[in-house]
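Here the structure comes first, spelled out in structure tokens, and everything after it is commentary.
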Amino acid sequence: MITANKLVKVNYTLRENNSEGEIIESTYNAEPLEFVFGQGRMIPLFEEKLNGLKEGEKFSFVIESDDAYGAFNEQAIIDLDINIFEAHGKIDYEMLTPGNKIPMRDSEGRRMDGLVIEVTDKNVKMDFNHPLAGKDLHFEGEILTIADASEEDMMSSSCGCGSGGHKHNHENSEDSCGCGSGGHKHNHENSEDSCGCGSGEHKHEHKHNHENSEDSCGCGNSSCGCN
């Protein structure tokens, strides 16, 4: 039975809004989600819904946006000076392609991922909302295995991409992966760098400042649901 400090492995399909909604991600065609229950790394209500279930049991539930990644925040869409993205004396315009996700830090060193929306000669418009902000999440799946978590399991840092998705390992790393809702695995060993998900081979992070505001772009909110 699922209780605190159990290593839980589940398969699930995540849809937008309800059981008929668009599929956001599914572990059935990738890796099952594996996490230590009760460590505060998943959406709280996700764990609450799984609490007490046994191996082989199925589940189906909806988590409303307010209990998942919050409402979509228009103030999280901001214009940044394009010179912020200068590296080695030049600006990587390929990285700044609209639709790319770029790992960044604010002036306090807090991690966030920004989605490139528009690029002009002087500015880059970016969206710092979580990819699932404003969406109700419908989970349907089954419990595969439940085991006692080892000391290594307890110490490892795992997070769910997008929703509680696939397992990520961050060994000796200060960063979260912030992979949106992708379905792939990342290892960050002895690294303070971001994984550069969605930004090609770009491996370094950028800093920007928010004058008179610490929360205009959701800075400090984990991009992958890890608390």
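Per-structure values
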quantity: Matching entry among Glu48, Glu55, Glu94 (being more than 25 Å from Lys125 (Cα to Cα), touching a residue at least 24 places away in the same chain (Cβ under 8 Å) and not in a strand (DSSP E or B)); calculated: Glu55
quantity: Evaluation of Ala4 against (1) over 20 Å from Asp153 (Cβ atoms); (2) outside any strand (DSSP E or B); (3) among the small types (Gly, Ala, Ser) (one fails), failing number; calculated: (1)
quantity: Long-range neighbours under 6 Å by Cβ, at least six apart or interchain, first residue touching a residue at least 40 places away in the same chain (Cβ under 8 Å) within the stretch 60-76, second assigned to a helix (DSSP H, G or I); calculated: Phe61/Lys49; Ile63/Leu45
quantity: Sole exception among (1) touching a Phe, Trp or Tyr at 6+ places or on another chain (Cβ under 8 Å); (2) more than 18 Å from Asp66 (Cα to Cα); (3) not charged (D, E, K, R) for Phe46, by number; calculated: (2)
quantity: Residues of the stretch 7-29 satisfying the condition of being part of a loop (DSSP other than H, G, I, E, B) and touching a Lys or Arg at 6+ places or on another chain (Cβ under 9 Å); calculated: Asn17, Gly21, Glu22
quantity: Every residue from the stretch 78-125 that is within 30 Å of Arg15 (Cα to Cα), out of contact with any His (no Cβ under 9 Å at 6 or more places or on another chain) and buried (at least 18 other Cβ atoms within 10 Å of the Cβ); calculated: Leu96, Lys101, Arg111, Met112, Leu115, Val116
quantity: Strands (runs of 3 or more DSSP E) enclosed by the stretch 99-192 - at least 3 residues per element that are at pLDDT 90 or above; calculated: 101-106, 111-119, 123-127, 137-148
quantity: Residues that are of a type in the set (Lys, Arg) and within 18 Å of the chain's Cα centre (by Cα), drawn from the stretch 84-123; calculated: Lys101, Arg105, Arg110, Arg111
quantity: Residue match in the stretch 75-89 (condition: among the charged types (D, E, K, R), outside any helix (DSSP H, G or I) and touching a Gly at 6+ places or on another chain (Cβ under 9 Å)); calculated: no
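The values are calculated or read from the model by the stated rules, or taken from the named source; none is laboratory data. Quantities reported herein were computed from a predicted structural model and do not represent experimental measurements. Cβ coordinates were reconstructed from backbone atoms using ideal geometry, including for glycine residues, and neighbour counts include every protein chain displayed.
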